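What follows draws every value from the coordinates through simple rules; no lab data is involved. None of these values were measured; they are calculated from a predicted model. Glycine gets a Cβ as well: all are built from the backbone with ideal geometry, and neighbour counts include every protein chain shown.
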Number of protein chains: 2
Amino acid sequence: MTAGAAAPRRRGRPSRTQTERGPATREVILEAAREQFSAHGYEKTSVRAIAKAAGVDSALVHHYFGTKEQLFAAAIEVSFAPALQAPAAIEDGPFDAVGERLTRFVLGVWENPATRTPLLAIVRSAVNHETAAAVFRRLVTTQLLSRVAATLDLPDAELRAELAAAQLVGVSMLRYVIQVEPLASADMEDLVARLAPVVQGHLTGFSNPE
Amino acid sequence: MTAGAAAPRRRGRPSRTQTERGPATREVILEAAREQFSAHGYEKTSVRAIAKAAGVDSALVHHYFGTKEQLFAAAIEVSFAPALQAPAAIEDGPFDAVGERLTRFVLGVWENPATRTPLLAIVRSAVNHETAAAVFRRLVTTQLLSRVAATLDLPDAELRAELAAAQLVGVSMLRYVIQVEPLASADMEDLVARLAPVVQGHLTGFSNPE
């Protein structure tokens, strides 16, 4: 889609009341959607409220993004973008240290407030609303877990990837969401040392005493 | 607190409009609180709505339970009761199979719809509201994790118990809440076989190839 012969815009942020069609408007709507979904969750956010925050008509929101569910998917896909670099992070190094790289990657996303806040909003919506859970599930499965599994080349690769992810999801919940001590204040390197072998074990098999 | 010289009650369920003081009224309020918190979450539930559902005055609810936060704590403590049998389940058998017993216990609580529904309501409230998270954190820490840790007799017992719990929390989230496949449909015994060694490893140390 091209913006056509748009008049030259003034510098700075696009006006909230602009009605011109094109990528800029699309971005303004998407940012408003991210803010509204983050602040109020999936259920309590309406397309009308997002349109109002973006300074556009509701019809324009539907024109660009379709239903509320599709808009939510588009909004969280952007918020989730940092997490989608996980497969690259995993592939970028020796195979016997994949557990450590995945552990560092996930904890790193949560340690960084800029990525933690939108991720927390997604988790809250997914836990509370079936539609949001379905969108989240699809995103996590197709964009993340399947790609991790594809690097494994094992018949039960998907289940392995999910059990490894489960260890890191559980630590994220207890450390960053519920904030249980001493885990919430535990040293990052200590955690990596304890978790990396488990994640590696799920993915490629645990060392056997025999 | 004693009920005093209460008049003999008719048989059957206590009336919803009863105003007599005593354990029966307390139970009626607590059940109404559980229902309201489960259906609407912590934030959207008011003491007034709970009082109305129980057929009593709001002042009576405050008289028995104090603040909304204290009422929530009392309500989830009952819902959480099955999970509080975990320490007993852990102690009841050989120490080198504690990982398997804890894994079976947690998956069993989630597999049973009667215990899954209230647990899910608690998780939703805790993920969404800081006050509910604090109540849940206190309950999990003092009633569950500390008691598991006490059976270990190791200096880092609490962190070990939390990392073991994290593996099972993550599996619970992905399997029962988000319902990611193939984990959501995985065979229970296959899961126990894969998870028990990890839980055991966190609690008592992983087998070392050397």
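The two copies A and B are related by a rotation, and the chain A beta carbon nearest its axis, with distance in whole angstrom, is A:Gly170, 2. Relative contact order of chain A: 19 percent, from C-alpha pairs under 8 Å at least 6 residues apart in sequence. Projected label points at A:Glu111 and B:Asn112, each 7 Å from Cα along the beta carbon direction, are separated by 4.1 nanometres.
Computed across chain A, the Kirkwood radius stands at 19.1 Å (inverse of mean 1/r, all Cα pairs). The other copies place their A:Phe95 label points at 3.8 nm from this one, listed shortest first, where each point is 7 Å from Cα along Cα→Cβ. FRET efficiency for the B:Ala88 to A:Ala184 pair, using the beta carbon distance and R₀ = 41 Å, is estimated at 0.95. Each 5 Å bin from 0 upward holds the following percent of the Cα-Cα pairs of the stretch B:79-204: 2, 11, 20, 25, 21, 14, 6, 1. Treating each Cα of the stretch B:16-66 as an identical point scatterer and summing with the Debye formula, the log10 of I(q)/I(0) at q = 0.24 Å⁻¹ comes to -0.82.
Inter-copy label distances at B:Tyr64, shortest first and taken from points set 7 Å along Cα to Cβ: 5.2 nm.
In nanometers and ordered shortest first, the copy-to-copy spacing of the A:Asn112 label point, defined 7 Å from Cα toward Cβ, is 4.4. Based on alpha carbons, the Rg and Dmax found for the stretch A:167-210 are 12.3, 39 Å. Measuring between their Cα centroids, the stretch B:99-168 and the stretch A:118-188 lie 17 Å from each other. Taking a straight Cα-Cα cut-off under 23 Å and skipping sequence neighbours fewer than 8 places away in the same chain, the lysines within cross-link reach of B:Lys68 are A:Lys44, B:Lys44, B:Lys52. The phi-based Karplus calculation (6.51 cos²θ - 1.76 cosθ + 1.60; θ = phi - 60°) puts the 3J(HN,Hα) values of the stretch B:130-143 at 4, 5, 5, 4, 5, 5, 5, 4, 4, 5, 5, 5, 6, 8 Hz, whole numbers, x for Gly and Pro.
Here A:Glu130, A:Glu158, A:Glu77 are placed in order of increasing Cβ neighbour count within 10 Å, fewest first, which gives A:Glu130, A:Glu77, A:Glu158. Placing one identical point scatterer on every Cα of the stretch B:132-188 and ignoring solvent, what is log10 I(q)/I(0) from the Debye formula at q = 0.19 Å⁻¹? Debye curve over Cα of the stretch B:132-188, log10 I(q)/I(0) at q = 0.19 Å⁻¹: -0.76.
Averaging 1/r over each pair of different alpha-carbon atoms in the protein assembly as shown and inverting the result gives 23.8 Å, the Kirkwood hydrodynamic radius.
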